[in-house]
């Protein structure tokens, strides 16, 4: 009986602590929105963070996109060939990238590269009392440290996703046209004719914007909420990747069902 | 104008159900260097946090310049904090900024001074702590003592009325310790500030402080000038000053009997 009570107690504690953390993260989100004036008035603060989160993520984004595009080209070609429509490879690569893989893979890579860096940085700033020092200097750390990183993530993500899609299409082109020998004109013209700006590209941008908000707020919250110890920061960094990945995939399904439904 | 810049009255504070301070009264006079001493975990640093408005008391009050800190809204607390400078235990320098940028940080945040004036002010502050020649270095390139001095230059960047020091001597070699001691006294007198030091280093503190509070068991166990405290017969003060292993602060943490723990 006692072990049963203990079990329910553990489950209850786990649920309430998660709800509590969700509430704290939501509160941080609104505090960021309230303190965002500084991020735009002194845009160089946000620009600096765009460099660290966006520009510094370019290598992993470009290399991954190129390989993803090449794999799509290969797999797509051999499947389409069976149905005699190998010219449609350009559309397949472009739609797969612009609608799904661009925003989703970019967000997953962003969470692993920039998200963890943000969490570790904020967590260490907290552990070494840098945030307290800022508070004691009458400077709001949410406005000065957190908000610029948030907006940098939100701005960088759609740009990175666009670069991912572009480089991915280039990877698909290299494999399909240059290596396999699909007609170049068919590759580009089919893509041009069948990719819709509003339905495919804008929806992809909306997805990456939503992922940008989710990934960045998770990374910032985990860092801000991390216990000020080495172990605490390490756990927070791991949680950033795990939570971001699950949230990205979950949100992707929800957004896709709305977009296809609409 | 009252002689006391900071007054703490009947302060009670604790985390959850644990009570750390049980009715503390303190007064910090303008222009003086006061120290708060006591063992580890006695809540010394918490008093600085209460003065800075980072936490709120359960009861009682902390007033700075005749304004009760915890009754202020965030803007009010930020206004009060602009009168304060704080040196954290390990400096808390911003690791992504150079020494120069660290000291310039409060000036950039709170003033619209042109860059050439900021440069002069930063170099003057760094010169005061003997580190003008290190302005290009990054915090990771500094020794513990140097980092503490840069943090001190940053704390006095806006010429505060109150300078608070959290364990300024912790982990320093004797030379760095002597330098910090000298700087605390010199800067306090030169700026006409009021300094509060939280520490447990007896010899250093007694050599330059004007007034000392001993905190133990959540209350002010003793207070007075260094001379008065040296002559004190209070068992706790004697144990603390003479670094005695056992006394009112016991060597052993309370535990069941030794024999029962060893199953004898």
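Annotations
- Qualifying residue in region A:129-138 (condition: away from chain B (no Cβ under 14 Å) and either within 30 Å of residue B:79 (Cβ to Cβ) or modelled with pLDDT of 95 or more (or both)): no
- Condition check for residue A:201: loosely packed, with under 15 Cβ neighbours inside 10 Å and within 30 Å of residue A:90 (Cβ to Cβ): no
- Checking each residue in region B:171-186 for being touching a strand residue (DSSP E or B) at 6+ places or on another chain (Cβ under 8 Å) and surrounded by fewer than 21 Cβ atoms within 10 Å (Cβ to Cβ) picks out only B:185.
- Residue ID - farthest from the other protein chains (Cβ to nearest Cβ), chosen from residues in region B:101-134 that are closer than 22 Å to residue A:125 by Cβ and either free of Cβ contacts under 8 Å to residues at least 12 places away in the same chain or not in a helix (DSSP H, G or I) (or both): B:101
- When every residue of region A:78-98 is checked against the conditions, at least one turns out to be under 15 Å from residue A:159 (Cα atoms) and part of a helix (DSSP H, G or I).
- The combined condition, being at negative phi and crowded, with 20+ Cβ neighbours inside 10 Å, is fulfilled by residue B:193.
- Complete set of residues in region B:65-100 that are surrounded by 16 or more Cβ atoms within 10 Å (Cβ to Cβ), more than 12 Å from every other protein chain (Cβ to nearest Cβ) and in a helix (DSSP H, G or I): B:69, B:99, B:100
- Conditions (1) in contact with a helix residue (DSSP H, G or I) (Cβ under 7 Å, 6 or more places away or on another chain); (2) surrounded by fewer than 21 Cβ atoms within 10 Å (Cβ to Cβ); (3) under 19 Å from residue A:207 (Cα atoms): number failed by residue A:144: (3)
- Hits in region B:40-59 - residues which are more than 23 Å from residue A:137 (Cβ to Cβ) and either surrounded by fewer than 16 Cβ atoms within 10 Å (Cβ to Cβ) or within 14 Å of another protein chain (Cβ to nearest Cβ) (or both): B:40, B:41, B:58, B:59
Yes/no per residue for (1) at pLDDT 95 or above; (2) away from chain B (no Cβ under 14 Å); (3) within 30 Å of residue B:94 (Cβ to Cβ):
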site	(1), (2), (3)
A:126	no, no, yes
A:142	no, no, yes
A:154	yes, yes, yes
A:162	yes, yes, no
A:186	no, yes, no
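- Of the criteria (1) over 30 Å from residue A:146 (Cα atoms); (2) within 17 Å of the chain's Cα centre (by Cα), which one residue A:192 fails: (2)
- Any chance residue B:142 is within 13 Å of chain A (Cβ to nearest Cβ), within 27 Å of residue A:124 (Cβ to Cβ) and in contact (Cβ under 8 Å) with a residue 40 or more places away in the chain: no
- Where helices (runs of 4 or more DSSP H) fall wholly inside region B:164-258, the ranges with 2 or more residues that are in contact (Cβ under 8 Å) with a residue 60 or more places away in the chain and closer than 19 Å to residue B:28 by Cβ are B:174-191, B:202-208.
- Any hit, region A:169-184, residues being more than 14 Å from chain B (Cβ to nearest Cβ), in contact with a helix residue (DSSP H, G or I) (Cβ under 9 Å, 6 or more places away or on another chain) and not in a helix (DSSP H, G or I): yes
- Count of region B:29-39 residues which are crowded, with 23+ Cβ neighbours inside 10 Å and within 24 Å of residue B:159 (Cα to Cα): 3
The values are calculated or read from the model by the stated rules, or taken from the named source; none is laboratory data. Keep in mind that what you see is a predicted model, and the values were worked out from it rather than measured. Positions of Cβ are backbone-derived with ideal geometry, glycine not excepted, and every protein chain shown enters the neighbour counts.
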